[in-house]
Amino acid sequence: MGDMSRDWALPKPAPVLELVDAAIARPQEPEAALLSDIQLRVDTGDFCVVAGLQGSGKTVLLEVAAGLQPLLHGHLRLFGEPVTRAEGDSFRSIRRRIGTVFEGGGRLFQRLTVEENVSLPLRYQRDLRIEDVAADIAEVMEVCGIGRLVGIPASRLAKGWQLRVALARALSLKPELLLLDNPFASLDSVHTVWWRTFLLDLVRGHAFFGGVPRTLVVMCDDLRPWVRLGKRFSVVSSGRWRTLGDQAAVLEDTDPTVRALLVEDL
Amino acid sequence: MQMMNDQPQSWLSGSIRFLGQSWLEWMETVHRIGAFTLITLGVVVTKWGVARQVVYPEIREQIARCGLRLFPTVAFLGFALGFVIIGQTVALLTKVGATNLSGVLMVTVVVRELGPLTAALVVLGRVGTAAVIELGMARALGEVEALEALGIDPIHYLVVPRFIGLTVSIFCLAVYLILVALGSGWVFGFLEDLPMKPAEYFGQIAAALRWEDFLLLTLKTLTYGSLLSLIVCYHGLAQPMRIEEVSRATTRTVAQAVVGCVFVDGLFIVLYLLL
């Protein structure tokens, strides 16, 4: 009977993102390991937070997870597919399922306006004119609270608004996995509150995604705003990866780096 | 005494080492630009028709930027070129009684040599340098990675429009420049009372033109355009860059593009001689 129930058990879905025995390097020093022994498994609906001090390799890790940089060694799987070479059209189709929001101003295309930035991925992937995607773009811009920024060049926006535009751009393709690089680093309190609410909505199931929860991976250099938001935590320190566990594990951890990331004893 | 003998030797070996290193660096750059060219051509072929609503407007924008907006400058240069060539040579040709060679002279100098080269250098100076800065800044600010992250091929979106735009524009501008220079040559001749009717002057030019001139003019301008656009895009995009490196990349682009154009010009002179 026990065997039968095992036979009928549904197979566990493949993780959205998996890094096994991985090591990463800076593009400027491709031979020198920046971070080693990375073991990260992100399942559907997860909210993973990876914390580390500045220069610890979080941005490179995010770029590796997005398939933008190669691994030094180890394995990367995205949506169950092994990523051996982050190039080519087949990999680009996987990338479309990942939304990436970079640190600071989100790396917007400075010569384009807000709606041109937001619409570019949709127009490129579907081969449409900007008028043809106007309704989709208006919706995602409204969701991100930037509907009134139509026509403004991206370069004229303050960092907080640039990051919202970058979020709208990343969401325009309705990705399943959202990678965020230290999003609270350059935000004022009003923007931070908006982001906290929005990210929680995304994990619970935002109406924009038909109520289906999204998977989030966040890099941060300050654990305080994230410790009540995230579900699973890891820390990078001195070139090493350490999985911490859930919120309680973070708060109980005695590691000096974790305490510093919680801004204690400073 | 020994030291005095060693000094010229070390100077010589240092110079040889410097020349050798410079030569190897040039070869490495040529090799990399060659690889970048093959990648770009591959993308042009495999992605022809992909994302037309995004890429075609970019191509039109590049043609407008390199071609239409530069037309007044090129027209002025063409006018000045025709004036200068006829102005400098008409007195000489009149002295030796060879005014009937004015047309041949214009074809040789303007159509075969100065027209295409001037158009290429104007585009390099006005558009090429701006493009390196634009692409270099995009690279330094991480926009290229942002494109990749959105599933957009940066070569397709950033390089292909510039490659096609610059190539088509240099061809068109060279043709305009040649036409304006030939016209202004006649205007100068008319002002200088050159004993030659318009029909005679243009007849001489038509007689001097051979089918190879049209073929080689097309090939030459297309080669200049491809070469300039690829050097510009290579230095702007192909390698990781910091903001402070953009100015160096720009000067390197200008130097290499000028050398490249002169080299191509030399190859075409050989081709003219062979045909």
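Give B:130, B:199, B:208, B:174 a once-over and let me know the one that is more than 14 Å from chain A (Cβ to nearest Cβ) and under 20 Å from the mean Cα position of the chain (by Cα). Even if it seems obvious, please write down each step before you answer.
Numbers: B:130 fails: more than 14 Å from chain A (Cβ to nearest Cβ); B:199 fails: under 20 Å from the mean Cα position of the chain (by Cα); B:208 fails: under 20 Å from the mean Cα position of the chain (by Cα).
B:174 is the lone residue from the list that is more than 14 Å from chain A (Cβ to nearest Cβ) and under 20 Å from the mean Cα position of the chain (by Cα).
Within the set of pairs 6 or more residues apart or between chains, which connect a residue that is free of Cβ contacts under 8 Å to residues at least 40 places away in the same chain inside the range B:31-56 to a residue that is β-branched (Val, Ile, Thr) and surrounded by fewer than 19 Cβ atoms within 10 Å (Cβ to Cβ) with Cβ atoms less than 9 Å apart?
Close Cβ pairs (under 9 Å, with a partner that is β-branched (Val, Ile, Thr) and surrounded by fewer than 19 Cβ atoms within 10 Å (Cβ to Cβ)) amount to B:53/A:130.
Take the conditions aromatic (Phe, Trp, Tyr) and either under 24 Å from residue A:110 (Cβ atoms) or touching a Gly at 6+ places or on another chain (Cβ under 6 Å) (or both) and apply them to residue A:161. Does it pass? Before you say what the answer is, go through the steps one by one.
On the way: aromatic (Phe, Trp, Tyr): yes; either under 24 Å from residue A:110 (Cβ atoms) or touching a Gly at 6+ places or on another chain (Cβ under 6 Å) (or both): yes.
Taking the combined requirement at face value, the residue satisfies it.
Exactly one condition in (1) under 30 Å from residue B:140 (Cα atoms); (2) touching a Leu at 6+ places or on another chain (Cβ under 9 Å) is not met by residue B:208; state its number.
That leaves (1) as the condition not met.
Residues that are farther than 30 Å from residue B:106 by Cα, of a type in the set (S, T, N, Q) and either in a helix (DSSP H, G or I) or without any contact (Cβ under 8 Å) to a residue 12 or more places away in the chain (or both): does the range B:171-193 have at least one?
no
Is there a residue in the range A:214-222 that is of a type in the set (A, V, I, L, M), crowded, with 16+ Cβ neighbours inside 10 Å and farther than 30 Å from residue A:253 by Cβ? Can you show your working first?
Going through the range A:214-222, the residues of a type in the set (A, V, I, L, M) turn out to be A:216-219.
With crowded, with 16+ Cβ neighbours inside 10 Å added as a condition, the list becomes A:216-219.
Pick out the ones that are also farther than 30 Å from residue A:253 by Cβ and you get none.
No: zero hits.
Name the residue that is farthest from the chain's Cα centre (by Cα), counting only residues in the range A:107-123 that are within 9 Å of chain B (Cβ to nearest Cβ) and under 16 Å from residue B:145 (Cβ atoms). Show your work before the answer.
Initially, the range A:107-123 is screened for residues within 9 Å of chain B (Cβ to nearest Cβ), giving A:107-111, A:120-121, A:123.
Imposing the further condition that a residue be under 16 Å from residue B:145 (Cβ atoms) reduces the set to A:107-110, A:120-121.
Values: A:107: 14, A:108: 16, A:109: 19, A:110: 22, A:120: 19, A:121: 17 Å.
Within the range A:107-123, the match that is farthest from the chain's Cα centre (by Cα) is A:110.
Looking only at the range A:140-150, decide whether some residue is over 20 Å from residue A:180 (Cα atoms), within 9 Å of chain B (Cβ to nearest Cβ) and not in a helix (DSSP H, G or I).
No, the conditions are met nowhere in the range A:140-150.
Any residue in the range B:244-263 that's more than 15 Å from residue B:223 (Cβ to Cβ): show its pairings with residues that are modelled with pLDDT under 90 and surrounded by 16 or more Cβ atoms within 10 Å (Cβ to Cβ) at Cβ separation under 8 Å, as long as the two are six or more apart or on different chains.
Pairs that qualify, where the first residue is more than 15 Å from residue B:223 (Cβ to Cβ) and the partner is modelled with pLDDT under 90 and surrounded by 16 or more Cβ atoms within 10 Å (Cβ to Cβ), are B:249/B:241.
Taking the range A:40-83 as the search range and keeping residues that are more than 14 Å from residue A:179 (Cβ to Cβ) and among the hydroxyl-bearing types (Ser, Thr, Tyr), which one is surrounded by the fewest Cβ atoms within 10 Å (Cβ to Cβ)?
A:44
If residue B:138 passes every condition in (1) more than 14 Å from chain A (Cβ to nearest Cβ); (2) part of a helix (DSSP H, G or I) but one, which one does it miss?
Single failed check for residue B:138: (1).
Before we move on, is residue B:55 hydrophobic (A, V, I, L, M, F, W, C) and away from chain A (no Cβ under 14 Å)?
no
Given the condition over 26 Å from the mean Cα position of the chain (by Cα) and more than 30 Å from residue B:267 (Cβ to Cβ), answer yes or no: does some residue in the range B:57-66 qualify?
Here is the first cut: in the range B:57-66, the residues over 26 Å from the mean Cα position of the chain (by Cα) are none.
No, the range B:57-66 contains no residue that is over 26 Å from the mean Cα position of the chain (by Cα) and more than 30 Å from residue B:267 (Cβ to Cβ).
Regarding the range B:154-166, can at least one residue be identified that is surrounded by 19 or more Cβ atoms within 10 Å (Cβ to Cβ), among the hydroxyl-bearing types (Ser, Thr, Tyr) and within 14 Å of chain A (Cβ to nearest Cβ)?
First pass over the range B:154-166, keeping only residues surrounded by 19 or more Cβ atoms within 10 Å (Cβ to Cβ): B:154-166.
Those left that are additionally among the hydroxyl-bearing types (Ser, Thr, Tyr): B:157.
With the extra rule that they be within 14 Å of chain A (Cβ to nearest Cβ), the set shrinks to B:157.
Yes, because at least one residue in the range B:154-166 is surrounded by 19 or more Cβ atoms within 10 Å (Cβ to Cβ), among the hydroxyl-bearing types (Ser, Thr, Tyr) and within 14 Å of chain A (Cβ to nearest Cβ).
How many of the residues in the range A:141-174 are farther than 22 Å from residue A:213 by Cα and free of Cβ contacts under 8 Å to residues at least 12 places away in the same chain? If you could, list the steps in order and put the result at the bottom.
First pass over the range A:141-174, keeping only residues farther than 22 Å from residue A:213 by Cα: A:146-162.
Right, trim to free of Cβ contacts under 8 Å to residues at least 12 places away in the same chain and you get A:147-148, A:156, A:158.
Here the count works out to 4.
If I ask for residues that are of a type in the set (A, V, I, L, M), assigned to a helix (DSSP H, G or I) and more than 17 Å from residue A:217 (Cα to Cα), which ones from the range A:169-195 would you list?
A:190, A:193
Quick check on the range A:182-203. Is at least one of its residues within 14 Å of chain B (Cβ to nearest Cβ) and touching a residue at least 60 places away in the same chain (Cβ under 8 Å)?
Going through the range A:182-203, the residues within 14 Å of chain B (Cβ to nearest Cβ) turn out to be A:182.
In the following step, the residues that additionally are touching a residue at least 60 places away in the same chain (Cβ under 8 Å) were identified as A:182.
Yes; the residues of the range A:182-203 include at least one that is within 14 Å of chain B (Cβ to nearest Cβ) and touching a residue at least 60 places away in the same chain (Cβ under 8 Å).
The values are calculated or read from the model by the stated rules, or taken from the named source; none is laboratory data. Worth saying up front: this structure is predicted, and the values here are computed from it rather than measured. Heads up, the Cβs are rebuilt from the backbone with ideal geometry, glycines too, and the neighbour counts pull from every protein chain shown.
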